[in-house]
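**Student:** Sharing a structure below in structure tokens format, with a few things to ask.
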Amino acid sequence: MIPAYNASSTIGSVITGALKHVHEVFVVDDGSSDSTATIASEAGAEVIVINRNRGKGNALKVLFQKAMEAGYDAVVSMDADGQHDPEEISLFISAHALYPDDIIVGSRMHEKEKIPMARYNSMHVARFYISLAANQFIEDTQCGFRLYPLSLIKKIRLTTERYVTETEILMKAGDSGSIIRFVHVKAIYGDNNSHFRPIMDVAAITAYVISYLQIKWFIEGATSNRSCTYSPDNIRDIIGRFKIIDLLFQIVTAFTALPATVLFLVEYTLLSPVINNFVIIRRCDCGFFKITLATHMLPILLIVTILEKILKSFDFKFNFVDNLIQWSFPHLWIKALPLELT
């Protein structure tokens, strides 16, 4: 299944390549102003046209519903812009044969040299927090090349839009007890027309992750032996139904993230003799202090990034940001990888 927006230059070859490995291709033309829908249909896809652009999240929801109605058990999602090689679909199908109940995510992190450094850094920070929310290490949380079992998607209520939805799926699936595995795929960055907005979309993903983690850690901090906090119609889903309330909630949780992590650290430390709270974090054997420190480094990281860009404009080349990210956001799962990763 392929969400597409003004992808007339690439959509045909993506569909042709995909049809070598799957029975059917569904495309949502998300309000394109070019010939995306016509080319997709001529290439052999079944096309659903949306009259105005509503974003990737809405397109994914439409595609999930279409695949369910068609009777499929699982779907492979791909981008329309050529960043995913259709020949690698076979990797996902092979992994699905071994683990039919698990989400399979493509990972590009092993090809760091091919990923723009600013993008790699944001991916590194994102996986730190999203892995915590999903109760397991996810090597690449931002890759849209994935295989989804539809039985799992049916158990999740999706309330977000645009690029946030892919993050929402991983967090809610993992936080409900599902397993997320990965296969290595190529990192392809070229002249393709990506519609990802580095500032707006990263900010939206960040705000949602913060708001989700605050509720998750509030529950985990006050209960014993509870690692999975998500179920449909939980408090985060209820808030997500009301767009204005949800926006206000995300703003509040973003501005209170720093003191909130200190409160959770106090809970982690003082309540441990009484209850076995924050089960997943204790399994990592990393303590909550590293998470608190990492969160408090975020505003410093932002300031350093801005200063580094200013200095580079005057031909002063420094590379503080990369080292700061590697130090501030360590791999917490080394001692407690819960899965055999594919």
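The values are calculated or read from the model by the stated rules, or taken from the named source; none is laboratory data. Quick caveat: nothing in here was measured; it's all calculated off a predicted structure. Every residue, glycine as well, gets a Cβ built from its backbone with ideal geometry; the counts of neighbours run over all protein chains shown.
**Student:** Based on this model, can you work out whether Ile138 counts as over 16 Å from Asp79 (Cβ atoms), buried (at least 23 other Cβ atoms within 10 Å of the Cβ) and at pLDDT below 95?
**Tutor:** Here the answer is yes, as Ile138 does meet what is asked.
**Student:** Let me ask another. Has region 193-206 got any residue that is under 17 Å from the mean Cα position of the chain (by Cα) and at pLDDT 90 or above?
**Tutor:** Within region 193-206, not a single residue is under 17 Å from the mean Cα position of the chain (by Cα) and at pLDDT 90 or above.
**Student:** Separate question: When you scan region 33-68, how many residues do you find that are within 24 Å of Leu158 (Cα to Cα) and small (Gly, Ala, Ser)?
**Tutor:** 4
**Student:** How many of the residues in region 270-306 are surrounded by fewer than 14 Cβ atoms within 10 Å (Cβ to Cβ) and assigned to a helix (DSSP H, G or I)?
**Tutor:** Residues meeting the conditions: 7.
**Student:** Pick from region 244-287 the residues that are without any contact (Cβ under 8 Å) to a residue 60 or more places away in the chain and of a type in the set (Phe, Trp, Tyr): which of them is farthest from Arg226 (Cα to Cα)?
**Tutor:** Phe255
**Student:** Of the numbered conditions (1) over 23 Å from Ile205 (Cα atoms); (2) touching a residue at least 40 places away in the same chain (Cβ under 8 Å), Gly44 fails exactly one; give the number of that condition.
**Tutor:** (2)
**Student:** Does Arg119 count as assigned by TED's automatic domain parsing to the domain that holds Ile179 and more than 20 Å from Tyr148 (Cα to Cα)?
**Tutor:** Considered against the rule, which asks whether it is assigned by TED's automatic domain parsing to the domain that holds Ile179 and more than 20 Å from Tyr148 (Cα to Cα), Arg119 comes out as yes.
**Student:** Is at least one residue of region 129-145 outside any strand (DSSP E or B) and more than 26 Å from Ile291 (Cα to Cα)?
**Tutor:** yes
Residue-by-condition table, conditions (1) within 30 Å of Arg226 (Cα to Cα); (2) more than 13 Å from the chain's Cα centre (by Cα); (3) polar (S, T, N, Q):
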position	(1), (2), (3)
Arg54	no, yes, no
Tyr72	no, yes, no
Val76	no, yes, no
Ile89	no, yes, no
His96	yes, yes, no
Ile103	yes, no, no
Glu111	no, yes, no
Ile138	yes, no, no
Gln142	yes, no, yes
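Yes/no per residue for (1) buried (at least 16 other Cβ atoms within 10 Å of the Cβ); (2) under 24 Å from Leu150 (Cβ atoms); (3) out of contact with any His (no Cβ under 7 Å at 6 or more places or on another chain):
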| residue | (1), (2), (3) |
| --- | --- |
| Ile15 | yes, yes, yes |
| Lys20 | no, yes, yes |
| Thr38 | no, no, yes |
| Ala45 | yes, yes, yes |
| Ile48 | yes, yes, yes |
| Asn51 | no, no, yes |
| Asn58 | yes, yes, yes |
| Val62 | yes, yes, yes |
| Lys66 | yes, yes, yes |
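**Student:** When you look at Ile215, is it modelled with pLDDT of 90 or more, of a type in the set (A, V, I, L, M, F, W, C) and in contact with a Lys or Arg (Cβ under 8 Å, 6 or more places away or on another chain), yes or no?
**Tutor:** The answer is yes for Ile215.
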